[in-house]
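Scroll down for the structure; my scribbles are underneath it.
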Amino acid sequence: MSVENGEWIMHGVDSSDPGCLHTVSDLEEKIEEIGFLPLFAGDVPGFSVEEMTDPAAD
């Protein structure tokens, strides 16, 4: 997540990306697989819920 022109911007992947999480079940499976998952982007690129979801999804 970043602030651009005073607006919060979520970063993520396109919904067609094979690594995109679409459901709560997808998220639960990913957390079970790796043990934990930060909500927002950090120092490890691609290792957060934010970066594994489609920012345009409702």
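The values are calculated or read from the model by the stated rules, or taken from the named source; none is laboratory data. This one's a predicted model, so the numbers in the text were calculated from it and none came from an experiment. No Cβ is skipped: glycine too gets one built from the backbone with ideal geometry, and neighbour counts run over all protein chains shown. With ligands, DNA and RNA removed, areas are computed over all heavy atoms of the protein, side chains included. Shrake-Rupley method; radii C 1.70, N 1.55, O 1.52, S 1.80 Å.
Percent relative contact order of the chain, based on C-alpha pairs within less than 8 angstrom and at least six residues apart?
40
Find the Cα radius of gyration of the chain, compare it with 2.2 N^0.38 Å by division, and give the number to two decimals.
Compared with the compact-globule rule of thumb, the chain sits at 1.13.
Taking the Cα centre of the chain as the origin, how large is its charge dipole in debye, to the nearest 20, when only Lys and Arg (+1) and Asp and Glu (-1) carry charge on their Cβ atoms?
It works out to roughly 100 debye.
For the chain, with all protein chains present and a 1.4 Å probe, just round the carbon and sulfur fraction of the accessible area to a whole percent.
Its accessible area is 54 percent carbon and sulfur atoms.
Helix 24-34 against the longest principal axis of the chain: what's the angle in degrees, Cα atoms only, rounded to the nearest 10?
70
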